[in-house]
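First up is the structure itself, then whatever we jot down about it.
Taken together, the values in this text are just the output of simple stated rules run on the coordinates, not laboratory data. Predicted, not measured: the structure shown is a model, and the values here were computed from it. Quick reminder, even Gly has a Cβ in these numbers, built from the backbone with ideal geometry, and neighbours come from all protein chains shown.
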């Protein structure tokens, strides 16, 4: 049995692709989900990957969920913080609930998932944490002040925690996907995709979830121990730093 990995939001979209890729590479995977139980159960039946339901915006739920995973599968050495939501609105129309919900899942969720795992990783002197941020956390996006703020916060979290984990054999890195062909992006009006989004992408296409999953595999490998605090950008050339 390989190292144990938790992937939050791990049954659909990018998270589902990451869970499958980790399993194929020999890791033991726990796929977390919060909603859409039918889709999660179908994912479990298709892949054989264990699924666990909890809301990453709750510290207590994360702590208890991690304990269940450890009891079932063993100590967790790899965490992919992928769970994320959107509540898009122009700022003058954004409500406090829109702000709090997105920050609670997309930013607080990183603390809630990572903090309970940190002592065990330090004790075992090994850990791999990969935070899925976004191109819009790098460049900003109108109508997504809450989302962009949360994803930019993910990058600050990554860099600071990387400094703390380095001497304990724990790496903390981030991936910033651009527009990827997930259910959420496919739901955009096709004409908007064609006329307004694809022309911004030099590669001329959407990314595939499996391409982000391969980035994760690279960063969680034992051999990637000298890479920490890094941001891996996967956006088809749309935005470069």
Pairwise label distance in nanometres, residue 234 with residue 183, each label 7 Å out on the Cα-Cβ vector: 2.0 nm
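Evaluated at 37 °C with a viscosity of 0.692 mPa s, what Stokes-Einstein diffusion coefficient in µm²/s does the chain have when Rh comes from the Kirkwood expression over alpha-carbon pairs?
Working: Rh = 18.0 Å.
D, rounded to a whole number, is 183 µm²/s.
Evaluate E = 1/(1 + (r/R0)^6) for residue 192 and residue 159, where r is the Cβ-Cβ distance and R0 equals 45 Å; express this FRET efficiency to the nearest 0.05.
Values: r = 34 Å, r/R0 = 0.75.
Between residue 192 and residue 159 the formula returns 0.85.
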Placing one identical point scatterer on every Cα of region 45-106 and ignoring solvent, what is log10 I(q)/I(0) from the Debye formula at q = 0.23 Å⁻¹? -1.01
For the pair residue 203 and residue 45, how long in nm is the line joining their label points, each one 7 Å along Cα→Cβ? 3.3 nm
For residue 210 and residue 64, compute 0.36 nm times the residue count separating them, minus their Cα-Cα distance, and round to one decimal in nm. 49.6 nm
When Rg is the radius of gyration of the Cα atoms in region 146-241 and Rh is its Kirkwood radius, what does Rg/Rh come to? 1.04
When 59, 147 are ranked with the fewest other C-beta atoms within 10 Å first, the list becomes 59, 147
Treating the Cα atoms of region 35-80 as identical point scatterers in vacuum, please give the log10 of the normalised Debye intensity I(q)/I(0) at q = 0.26, 0.28 Å⁻¹, two decimals. -1.09, -1.13
Give me the one-decimal Kirkwood hydrodynamic radius in Å for region 81-147, with the sum taken over alpha-carbon pairs. 13.4 Å
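Taking 0.36 nm per intervening residue step and subtracting the Cα-Cα distance, what contour gain separates residue 101 from residue 25 on full extension? Spell out each step's value before the answer.
On the way: separation 76, 0.36 × 76 = 27.36 nm, distance 3.39 nm.
Additional length available on full extension: 24.0 nm.
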